[in-house]
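Novice: Okay, handing you the structure first.
The values are calculated or read from the model by the stated rules, or taken from the named source; none is laboratory data. Computed from a prediction, not measured in an experiment: that's the story for all the values here. Cβ: placed from backbone, ideal geometry, glycine included. Neighbour counts: every protein chain shown. Protein only, heavy atoms only, side chains kept; ligands, DNA and RNA dropped before computing areas. Shrake-Rupley method; radii C 1.70, N 1.55, O 1.52, S 1.80 Å.
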Amino acid sequence: MQRGPPGELMPAETEKQGISCIMVQENLETDDPRSSMPAELHHPHSKYSQWKLKLFRVRSMEKAPQPSETQPEKGALLGISPPAAPNIELDNGVGLGSVMKLCLGGKSKENVEGPGRRVDRKLQEMDTHMTHLRGLCRLCGIALRKVKGPVHDIHGDLDEASKGSLRKMGCKFTRWAEVILKVFKVNVAEDTEAVHPVSFCHRCWMAAIRGGGICSFSKTRVPEWKPHSSLCHLCSPRKPSFQRSGRKRRKVIPRAQSLAKRTRWDHGNIINVGERRALRPFGGHYHGPVLRAWRKPNTQREQWVKNITHCQKDHLSTKLISEKLPVEFLFSFTCLVCDHLLSDPVQSSCGHLYCRSCIIKYSYVLGPHCPACNLSCVPDDLTPPAKAFLSALHSLPLLCPKSGCGKQVRLDSFKAHCLDHELEEQDANQWSSELDNYLLINKGGRPRQHLLSLTRRAQKHRLRDLKTQVKVFADKEEGGDMKSVCLTLFLLALRSGNEHRQADELEALMQGRGFGLHPAVCLAIRVNTFLSCSQYHKMYRTVKATSGRQIFQPLHTLRAAEKELLPGFHQFEWQPALRNVSTSCNVGIINGVSGWASSVDDSPADTITRRFRYDVALVSAIKDLEEDILEGLRESGMEDISSGFSVMIKESCDGMGDVSEKHGGGPAVPEKAVRFSFTVMSVSVLADDEEEEVAIFTEPKPNSELSCKPLCLMFVDESDRETLTAVLGPIVAERNAMKESRLILSLGGLPRSLRFHFRGTGYDEKMVREMEGLEASGSSHICTLCDSSRAEASENMVLHSVTRSHEENLERYEIWRTNPFSESVDELRDRVKGVSAKPFMETHPTLDALHCDIGNAVEFYKIFQDEIGEVYKKVNPSREERRSWRAALDKQLRKKIKLKPVMRMNGNYARKLMTQETVEVVCELVPSEERSEALRELMRLYLQMKPVWRATCPAKECPDQLCRYSFNSQHFADLLSTTFKYRYNGKITNYLHKTLAHVPEIIERDGSIGAWASEGNESANKLFRRFRKMNARQSKAFELEDVLKHHWLYTSKYLQKFMEAHKDSAKALQATIDPVESLDDEDMSLEVNGV
């Protein structure tokens, strides 16, 4: 007899079976409605009509399952269709539904497939779906076979080549999932094998590498992966040919699911009626042919379940049980999903047992129902079985599969027993490998080459097993640090071969003391030597090529090191929070006018400015001094104090003049620049049981450019009050907010509370008048400290006190603005004492020592000219005469003391001019000996007074001059009012007035004048020009950012200490490049400007 697909009969056979079934139905009086009709109502061809109706299967007439049908049994899941209850009623008859079932030949899904068969179909569909997914790329959806190159695991670790390529571009990820999330914006951490592909193609790998693990330069459209369904486009793809041509698509005739091949005949206890299974009547003898109830093999279903659970290596088979136990007893200890012995068993609400991992994976793929009874089985409802059952499970005797062992081991100790066998095998393999080292084996062929003579690829191939073993050991013992393990092995090999010199170099390299410089040292070298990126990279390549070693670190390493030193890296908190200031800590360089609230009428500021946020910059400066602060706390025995810290800040602001360069573009902005900077002068702490504060840190060089940290750089003229106010306004607001709050910052592992006190002392005369709203320096009110007019100051040169303050200037501005007494202009000016604009920044009433020295030097330079020309005898000398006197003075100074004339007085010229040697040279040109003696006395008194306001701490450095200052200043004033009356009759300069009248009072109040000078800010002017030349760019905005960043790094105490500790590194560098010449240069050291 011919057969079609498994489970389907050919037409001829179908005809015979149909006829035989009709005969069976007649004998058993089945539920045929025609059997109960009278004979006269029967159609003559009724037999033929009934056979024809059974022959053709009409799917539209199939009957849905009745609610009364029973649930499938346990055997249904295993692929065995259980014997159905007989639906044939011999006496009462049934409705049309049963007739239709019989007429359809019993081919409905309910009676052919059964619940177990439906589960198998679902498993087969999921296996096919997952097979399709394994051949696709997770990111672009293309078939992996169409793309050349290796396939990469979506959840795996980065290989060494990919990791090295990404690290060169600043990416430090170690897993592909992190790279894919950053590049393709897809989170693959929660992917499942049943829904998403597990690999991606080499084309997507190249896109990730080219983007540096940060971005993607190619437009990759990531498909949306959906769970498997009946309309899955992977399992049932649409044919694009029909869609393109527009032809009518043929209707595919649905084909019955193929069934397993049945056995021919079997004399059993079951009768097949139209392929409906029915029990044989008791006591009856049936002689006709009977079809056997067939069973489908479980091999395919087991393979599908294995693809879902993947538990073959973890769970134990029932074949390991040593004793012959009853089948039902053994079945109770078997997982109903994987057919293995239960591992971490759980019990469902319906009472069935499974492995925990198997039922969770099974429920996720096929739905939350029990594999045995099809009831709902949610993973949350799973509970552990009873303890008695667990003890019985763990006591099962298993036979060790190791050949030669044959021991019976309990289930709970089986894994430990197998582990002992693995350890014994490892020891045996190690012993055999040691024996093989002493055996000479001639394998024939060409001789084996040495490892070092091989190519890199051949070396990797030969050492692949060793690399795997080292990696396993590093992951298990050293936290994955494979590099340290290999270096240690190399070090031990060198020690065992008595190569101690090379071993010492390797050990120094491993401990960070080798020839490779620390990234902070390389950064300090670059900043202090003003090397641009290209210059540093050229030096890096040259040294590496010459020495064969990486002495200097690459640029990306330097960029990573500078992040910790720039503002915006450390976390902090203000209590209470700063008013109108963001709480964000990770704020770097910002636009200087970003916080300026402009109105509609205001025009935008025509300037380019960049700055740090004031509070973030202060935090970075304090963290830079952390080691010094902790050392001061240890010396004072106050390591545990967390509150009561006071920080004194000196503020400086001054114009840098013309800083124009011949490169760059941008808007038409003035090329004059202004810098605002600050210096941490001191940190003190007040203990709970103490009355006075204890200074734990004091800046040793307060006037050095290394301690003056830049806060804001702007291209603006310092005389442009409107723009200056707009730029410095946000800084003033942040400063006022910080005065009312406390900073909580971690120092030495403990949170410390710090308060900040600000003193605006680093301003020259012009800047003080701009900030306090005073008239220009040519005003009749000459002093910014008192209310004296120029005439009053010349009449009484000594007896004055400090009376001005920021609050008083604000009140006087309101009087000037409103004129409440309706006075005239002169009367109003006399009332407000020279205040003509609104003060916008508070300055500390003091004397700037640097500009005082420069101003007094200018005055002495003019006195020298007047004494040469004997102005005391003349009333109004002409301009030509004054030019001749100045030319004679310049010629004499150049000839005698090599002092070249300058267009504008500066600090260096002033220091050389104000000496006793200069006076002796000038007196050679003075005709009168009496005038020369008075000039010498005037200079002598001045040199006696100068150390008092120039010293950082005059009480310690020059106590004698401090005690005699009042006497010397009075004597100096008498000389000016008598011998040099022709010049100081009714007038006096601003700085001479402050020098004679206010120095003792300021020193008594602040303790020093020189420490609070603006010399550090002034000396940093040359740094601006050098850093701008170093970072020449087309955009002035980016150029200003680079200058501000490198200027901040230049002032870092951290880098300065590294430079001091590694200043002998040049000796190691020279020894690497030229070992012969380095023996003669023992005193060579690295000299860097400012260190």
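Novice: At pLDDT below 80 and surrounded by fewer than 13 Cβ atoms within 10 Å (Cβ to Cβ), is that true of ILE253?
Specialist: Yes, satisfied.
Novice: Among the helices (runs of 4 or more DSSP H) contained in region 731-828, which hold 2 or more residues that are open to solvent by 60 Å² or more (accessible area, probe 1.4 Å)?
Specialist: 790-795, 806-818
Novice: Could you list all residues from region 191-235 that are more than 21 Å from LYS122 (Cα to Cα), of a type in the set (Lys, Arg) and either in contact with a Pro (Cβ under 6 Å, 6 or more places away or on another chain) or in a loop (DSSP other than H, G, I, E, B) (or both)?
Specialist: Answer for region 191-235, where residues must be more than 21 Å from LYS122 (Cα to Cα), of a type in the set (Lys, Arg) and either in contact with a Pro (Cβ under 6 Å, 6 or more places away or on another chain) or in a loop (DSSP other than H, G, I, E, B) (or both): LYS219, ARG221.
Novice: Same structure again: Anything in region 376-412 that is open to solvent by 50 Å² or more (accessible area, probe 1.4 Å), part of a helix (DSSP H, G or I) and within 15 Å of ILE321 (Cα to Cα)? List them, or say none.
Specialist: HIS394, ASP412
Novice: Restricting attention to helices (runs of 4 or more DSSP H) lying wholly within region 464-560, give those where 1 or more residues are touching a residue at least 60 places away in the same chain (Cβ under 8 Å) and not acidic (Asp, Glu).
Specialist: 519-528, 533-547
Novice: Would you confirm whether or not region 1044-1052 contains a residue that is modelled with pLDDT under 90 and part of a loop (DSSP other than H, G, I, E, B)?
Specialist: So far as region 1044-1052 goes, no, none of its residues is modelled with pLDDT under 90 and part of a loop (DSSP other than H, G, I, E, B).
Novice: Has region 165-176 got at least one residue that is more than 24 Å from the chain's Cα centre (by Cα), at pLDDT below 85 and surrounded by 13 or more Cβ atoms within 10 Å (Cβ to Cβ)?
Specialist: No.
Novice: Quick test for you: out of SER707, SER652, pick the one residue that is in contact (Cβ under 8 Å) with a residue 40 or more places away in the chain, crowded, with 18+ Cβ neighbours inside 10 Å and in contact with a Cys (Cβ under 7 Å, 6 or more places away or on another chain).
Specialist: SER652
Novice: Moving on to the next point. Got at least one residue in region 316-324 being in contact with a His (Cβ under 8 Å, 6 or more places away or on another chain) and assigned to a loop (DSSP other than H, G, I, E, B)?
Specialist: yes
Novice: Return the pairs, sorted by first residue and then second, in which the second residue is at pLDDT 95 or above and not hydroxyl-bearing (Ser, Thr, Tyr), the first residue lies in region 921-942 and is on the phi > 0 side of the Ramachandran plot and open to solvent by 10 Å² or more (accessible area, probe 1.4 Å), the beta carbons are less than 7 Å apart, and the residues are 6+ apart or on different chains.
Specialist: No pair meets every condition.
Novice: Continuing with the same structure: Condition first: hydroxyl-bearing (Ser, Thr, Tyr) and under 24 Å from TYR861 (Cβ atoms). Now tell me which residues in region 917-964 satisfy that.
Specialist: The answer is THR918, SER928, SER932, TYR942.
Novice: Within the group ASN809, ASN796, which residue is touching a helix residue (DSSP H, G or I) at 6+ places or on another chain (Cβ under 6 Å) and either more than 14 Å from THR989 (Cα to Cα) or modelled with pLDDT under 90 (or both)?
Specialist: ASN809
Novice: Return yes or no: is LYS900 at pLDDT below 90 and basic (Lys, Arg)?
Specialist: So LYS900 does not fit the description; no.
Novice: Does at least one position in region 502-523 carry a residue that is polar (S, T, N, Q), farther than 25 Å from LYS168 by Cβ and open to solvent by 60 Å² or more (accessible area, probe 1.4 Å)?
Specialist: Yes, there is a match, as at least one residue in region 502-523 is polar (S, T, N, Q), farther than 25 Å from LYS168 by Cβ and open to solvent by 60 Å² or more (accessible area, probe 1.4 Å).
Novice: Looking at TYR965, TYR942, can you tell me which residue is modelled with pLDDT of 90 or more, touching a helix residue (DSSP H, G or I) at 6+ places or on another chain (Cβ under 8 Å) and closer than 24 Å to THR803 by Cα?
Specialist: Result: TYR965 is the single residue among TYR965, TYR942 that is modelled with pLDDT of 90 or more, touching a helix residue (DSSP H, G or I) at 6+ places or on another chain (Cβ under 8 Å) and closer than 24 Å to THR803 by Cα.
Novice: Let me ask you something else. Give me the pairs: first residue in region 159-174 and in a helix (DSSP H, G or I), second residue of a type in the set (A, V, I, L, M) and open to solvent by less than 40 Å² (accessible area, probe 1.4 Å), beta-carbon distance under 8 Å, and six or more apart or on different chains, which are they?
Specialist: SER162/ILE209; SER165/ILE209; LEU166/LEU158; LEU166/VAL179; LEU166/ILE209
Novice: Just to be sure before I move on: is HIS993 open to solvent by less than 20 Å² (accessible area, probe 1.4 Å), at pLDDT 90 or above, touching a strand residue (DSSP E or B) at 6+ places or on another chain (Cβ under 9 Å) and not in a loop (DSSP other than H, G, I, E, B) in the structure I sent?
Specialist: no
Novice: Of all residues being open to solvent by 40 Å² or more (accessible area, probe 1.4 Å) and part of a helix (DSSP H, G or I) in region 1016-1043, which is nearest to LEU565 (Cα to Cα)? Just the residue, please.
Specialist: GLU1041
Novice: Could you list, in sequence order, all residues of region 943-961 that are open to solvent by less than 40 Å² (accessible area, probe 1.4 Å) and among the polar types (S, T, N, Q)?
Specialist: None; the set is empty.
Novice: Does THR723 satisfy being outside any loop (DSSP other than H, G, I, E, B), of a type in the set (Ser, Thr, Tyr) and either touching a Phe, Trp or Tyr at 6+ places or on another chain (Cβ under 7 Å) or over 16 Å from VAL619 (Cβ atoms) (or both)?
Specialist: So THR723 passes the test.
Novice: Hey, any hits in region 876-898 for a residue that's surrounded by fewer than 15 Cβ atoms within 10 Å (Cβ to Cβ), in a loop (DSSP other than H, G, I, E, B) and more than 60 Å from the chain's Cα centre (by Cα)?
Specialist: yes
Novice: Right, here's the next one. Being farther than 26 Å from ILE868 by Cα and in contact with a Gly (Cβ under 7 Å, 6 or more places away or on another chain) narrows it down to one residue among ALA1020, ALA951; which is it?
Specialist: ALA951
Novice: Now for a different question. Could you go through region 350-362 and let me know if any residue there is assigned to a loop (DSSP other than H, G, I, E, B), touching a strand residue (DSSP E or B) at 6+ places or on another chain (Cβ under 6 Å) and surrounded by 14 or more Cβ atoms within 10 Å (Cβ to Cβ).
Specialist: no
Novice: Mind listing just one residue for me: the one in region 215-232 that is of a type in the set (A, V, I, L, M, F, W, C) and under 18 Å from CYS201 (Cα atoms) and, of those, nearest to the chain's Cα centre (by Cα)?
Specialist: Here the answer is CYS215.
Novice: Hey, another quick one. Mind listing just one residue for me: the one in region 1006-1031 that is among the charged types (D, E, K, R) and more than 17 Å from THR1051 (Cβ to Cβ) and, of those, modelled with the highest pLDDT?
Specialist: ASP1006
Novice: May I ask you to say which residue of ALA194, ALA207, ALA161 is surrounded by fewer than 16 Cβ atoms within 10 Å (Cβ to Cβ) and of a type in the set (Gly, Ala, Ser)?
Specialist: Result of the check over ALA194, ALA207, ALA161: ALA161.
Novice: If the requirement is being at pLDDT 85 or above, farther than 22 Å from MET169 by Cβ and surrounded by 15 or more Cβ atoms within 10 Å (Cβ to Cβ), which of these qualifies: PRO576, PRO567, PRO554?
Specialist: On inspection, the qualifying residue turns out to be PRO567.
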